[in-house]
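Remarks on the structure that follows.
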Amino acid sequence: MAATAERETEALVAVSSPSGDAVAAEQIVSVVSALAPAGARIERLACSTLEHAPDLLISVDGPGERKVLLVGHLDTVVTHDAFFAPQRSAHHLVGPGTADMKGGVALALGALRALEDRAELGQASLLLVNDEEWRSGTFAHTERFSGFDACLCFEAGERTIGGDDAVVVRRKAAGALKLTARGRAAHSGSAPEQGVSALLALAEAAQLVASLSDPAGPERLTAVPTILRSGEAINVVPGGGKLLCDLRADSLAAIEIVEASIPSEIAGASIKVERERAWPGMDAREQTAPLLAAASELLGRPIVAGERGGASDASHFAVAIKITIDGLGPCGGHSHHADEYIDLESLFSRSEVVLALLDALLSDPQSVG
């Protein structure tokens, strides 16, 4: 499984597939479809985000009762301009999308093959979406899989300080706010007093959002202004502009409080607030503890429950599937950068973790309640 995943990761990374490029998405979907088990059903599902290529669903059936959902995404943050072919450096595979998350997709394909011949299996489905990195619509797929016994998501893996394999069972909720300011343009040299600066209004709004950040508080809220665009000429008071803010907290309620705190007018400029995305939080620590214990016993070493601040589609499924585990991909680093990489040596240990979890899911009734 690890050896196959190494080859398939390199093949997937060789295709540039930035989020939002429908043509590139079709190319990477074609590659993955060619790697699917020979007897699998392949479906295309409408993407959650308009004008994106349809998502990919690969399913295999069995005579049993267990239903397992495997989840990943095919889109990357890195643009075509920054793309380069995958490269090897010592035991690293370097290239756009290696860790986030084409290495995980390769392991998910291996997991699907491992499930194909299990007598306990009723259905295993691998859902690969094309808009995870920048989704503007409501997530479309939760209800379809609400009756499944477990969801395994293959975002990048991690290890504890002591070197033990860890998985993700807790994530923050995530939100993105877009603030649009409308002021009044004026000549900055002859009549600046006649203008209303959208730039200054957005700068004040950015300070307000940042002041609400409370990472050590009860909701562990981080509120970070990230992109500010305003002004078109050096000698004109900016009449309009936009500010983007990234917010993370244990619950969406904390993010909604920040949104409600932004006034409709600042420094004379009107402010329109729009929520670009809202991803629920995930806390499956209690529900997954028996499964992690059973899999650890099978493996002969601990699989540690961990948490992460970044968003993932696992959070959407955790609302409906109580046993949801994320972070099953290979270990790596520099996600969202062109020099992203995975540690090829981690493919073997992560394959072991995945197979132990699947075996516990299928063979130990106590692990799924």
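Throughout, read-outs are computed from the coordinates displayed, never taken from laboratory work. Note that the coordinates shown come from a computational prediction; the quantities given were computed from them, not determined experimentally. Backbone-built Cβ (ideal geometry, glycine too); neighbour counts: all protein chains shown.
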Karplus 3J(HN,Hα) series, Hz, for region 201-217 with 6.51 cos²θ - 1.76 cosθ + 1.60 (x for Gly, Pro): 5, 5, 4, 5, 5, 4, 5, 5, 4, 4, 5, 8, 5, 8, x, 9, x
If I take R0 = 56 Å and measure r between the Cβ atoms of Lys242 and Glu286 in this structure, what FRET efficiency does the formula 1/(1 + (r/R0)^6) give, to the nearest 0.05? 0.85
Can you return the lysines within cross-link range of Lys178? Criterion is Cα-Cα under 25 Å, with same-chain partners fewer than 8 residues away left out. Lys242, Lys272
Kindly provide the helix-only [θ] at 222 nm of the chain, computed as the sum of -39,500 (n - 2.57) over DSSP H runs of four or more divided by all residues, to the nearest 500 deg cm²/dmol? -8500 deg cm²/dmol
Counting other beta carbons within 10 Å of each residue's own, what order do Phe154, Phe317, Phe83, Phe348 fall into, fewest first? Phe348, Phe83, Phe317, Phe154
I'd like the FRET efficiency for Glu345 and Ser270, computed as 1/(1 + (r/R0)^6) with the beta carbon distance as r and R0 of 45 Å, rounded to 0.05. 0.25
Order these by the 10 Å Cβ neighbour count, fewest first: His336, His141. His336, His141
Quick one: if you stick a label point 7 Å off each Cα along the C-beta vector at Arg220 and Arg41, how many nm between them? 3.8 nm
Exposure proxy check on Met1, Met282: fewest-to-most Cβ neighbours within 10 Å is Met1, Met282
Once Arg7 and Asp117 are pulled to full extension, the length gained, defined as 0.36 nm per residue separation minus their Cα-Cα distance, is 37.3 nm
Relative to the longest principal Cα axis of the chain, at what angle does helix 103-115 sit, 0 to 90 degrees, rounded to 10? 30 degrees
